[in-house]
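Down below is the structure, laid out as structure tokens.
The values are calculated or read from the model by the stated rules, or taken from the named source; none is laboratory data. The structure presented is a predicted model; accordingly, all values stated were derived computationally and were not measured. Every residue, glycine as well, gets a Cβ built from its backbone with ideal geometry; the counts of neighbours run over all protein chains shown.
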Amino acid sequence: MKKILLALILVAGLTISANAQSFEGKGKSDLSVGLASGFNKYDKLGVQANYNIGVHDFVSVGAQVNMWFSDFNMYIGPRANFHLLNCIDPSTVSKFDVYLSATMGVRFGDKTQFAAGGYVGAKYDLSDAIAIKAEVGSNPMLGVAFKF
């Protein structure tokens, strides 16, 4: 998995050509995949996928799915992102996107329970279609985002 992720990042790095706003606002969407650790249990490693669509110039909403490798644990729930740079100066052209994210949903495993979390995230555009991203908070993640 790590080799595949590294290969995707390297291929994306060879195609650098973007000079657009990282979060483009209403109607634009992205799909992210990456490695993540568990909710407040940083010794668990797994994968995370999320889909976001812009509903405003500086707000996006979507869904998130996490699966951890050590035992069967899975999280499914909605998420919302508040894109700070777009809010501060919407006319700025930047490859960076810094956002605050909140999520709440259901965690399955030994027992089913409600789970909520918050993150600070950053995304950097490598091209018009691919970005790398990192999130820190209740569920840290490092991955790749595909914009469409």
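Selection over the range 92-111 of residues that are surrounded by fewer than 17 Cβ atoms within 10 Å (Cβ to Cβ) and either of a type in the set (D, E) or under 15 Å from V65 (Cα atoms) (or both) gives a count of 6. Return a yes/no flag: does the range 64-72 have any residue that is small (G, A, S) and under 18 Å from D30 (Cα atoms). Taking every residue of the range 64-72 in turn, none turns out to be small (G, A, S) and under 18 Å from D30 (Cα atoms).
Scanning the range 43-52 for residues that are over 10 Å from the mean Cα position of the chain (by Cα) and surrounded by 15 or more Cβ atoms within 10 Å (Cβ to Cβ), we see that the one that is modelled with the highest pLDDT is V47.
Counting only residues that are more than 14 Å from Q64 (Cα to Cα), assigned to a strand (DSSP E or B) and not hydroxyl-bearing (S, T, Y), the range 122-141 holds 10 of them.
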